[in-house]
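Notes follow once the structure below has been shown.
The values are calculated or read from the model by the stated rules, or taken from the named source; none is laboratory data. Just so you know, these numbers come straight off a predicted model, no measurement behind them. Here the Cβ is made from the backbone with ideal geometry for all residues, glycine too, and neighbour counts use every protein chain on show.
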Ligand code: HMG
Ligand code: MG
């Protein structure tokens, strides 16, 4: 099977990346990060989430961030909405796409959004309907598709079940997420194959956290199945506050470096992306969590 000739990356750094930061990051810094990502050529950016500020205080400035970014027509800006309240708040800020987020694991669903998988689908259904009626695209994130911090290994049949429910309520495309980064290429392929029973390959994306260093291998394995949409986080930021032990998403810089080497088009300027990663890492007071970015910065310095 040949690999795709192009890949579309959604940078989830401003949302998945920053949601887990203990220190409050000012809205102005988040806005500047979005700006630098779009200047680097990102065509999709997950900007923030409209969740309870008691659950995720870092995202409490969702309105300030969404209304502060300088939007480009060429970029799709997405936001997370767990329920009707979140959707109504988000709608006022005119996102291009909303994301409902469910889990293949019951335990994680309870911990993350305080309801069962079935209840989450009941909540999402009117949100999906309202979004589509308002001309807003709808993505569905599926967490814990290979492993769960509370239930352990997750069978592909659970992914099959969740993907079918997402399809049933009208979700247009889905993310196969390895929330805690325990997936290895074969397991990830099985989760994707379960999803492909319900969505065609153009509507399935890979979302891999890099906790065990497998995310690039998993990205490659997903491309072997024809997947060409991925989420990653500039500078490898992130993690989910309700997924104990999970570290950041695979770094966008590392993904782009690999894709450049494979001759796969992304439309992203790696040098400018490294600048974006350095900007946010400097703000957070740490080195970029991307080996490619560190190597490029060392080369520049030396
Ligand atoms: P709940 O406590 O069951 O909600 O939380 P509730 O309906 O009973 O409401 C409780 C309070 O929250 C009320 O306020 C509501 O108004 C308020 P009070 O009367 O107490 O003052 N509330 C809201 N406020 C703002 N925005 C809202 C909202 N909804 C209710 N949308 C809820 C249920 C879903 C709200 C909560 O569990 C929550 O916010 N969870 C979000 C957790 C989260 O953001 N996790 C991280 C994102 S998922 C992720 O990172 C995984 C992903 O990257 C893929 C992967 O890697 O797996 C996507
Ligand atoms: Mg995630």
Worksheet, complete the sentence: For the range 243-266 the number of residues that are within 13 Å of ligand 1 (Cβ to nearest atom) and crowded, with 21+ Cβ neighbours inside 10 Å is 5
Worksheet, complete the sentence: If we ask which residues in the range 36-49 are closer than 20 Å to residue 137 by Cα and over 15 Å from the mean Cα position of the chain (by Cα), their number turns out to be 1
Worksheet, complete the sentence: Those residues of the range 238-263 that are at pLDDT below 95, more than 10 Å from ligand 2 (Cβ to nearest atom) and closer than 22 Å to residue 293 by Cβ come to a total of 1
Discussion item. Need a quick list: strands (runs of 3 or more DSSP E) entirely within the range 1-97 having at least 3 residues that are under 21 Å from residue 131 (Cα atoms) and at pLDDT below 95.
Written reply: none
Worksheet item: Among all residue pairs at least 6 apart or on different chains, which show Cβ distances below 8 Å where the first residue, located in the range 58-69, is farther than 13 Å from residue 32 by Cα and the second is assigned to a loop (DSSP other than H, G, I, E, B) and at pLDDT below 95?
Response: 58/21
Discussion item. Can you find a residue that is within 16 Å of ligand 1 (Cβ to nearest atom), out of contact with any strand residue (DSSP E or B) (no Cβ under 8 Å at 6 or more places or on another chain), over 26 Å from residue 52 (Cα atoms) and in contact (Cβ under 8 Å) with a residue 12 or more places away in the chain anywhere in the range 212-220?
Written reply: yes
Item to complete: Assess whether residue 206 counts as being without any contact (Cβ under 8 Å) to a residue 40 or more places away in the chain, within 23 Å of residue 182 (Cα to Cα) and within 15 Å of ligand 2 (Cβ to nearest atom).
Response: yes
Discussion item. With surrounded by 24 or more Cβ atoms within 10 Å (Cβ to Cβ) and either within 24 Å of residue 265 (Cβ to Cβ) or within 16 Å of ligand 2 (Cβ to nearest atom) (or both) as the only criterion, which of 41, 13 stands out?
Written reply: 13
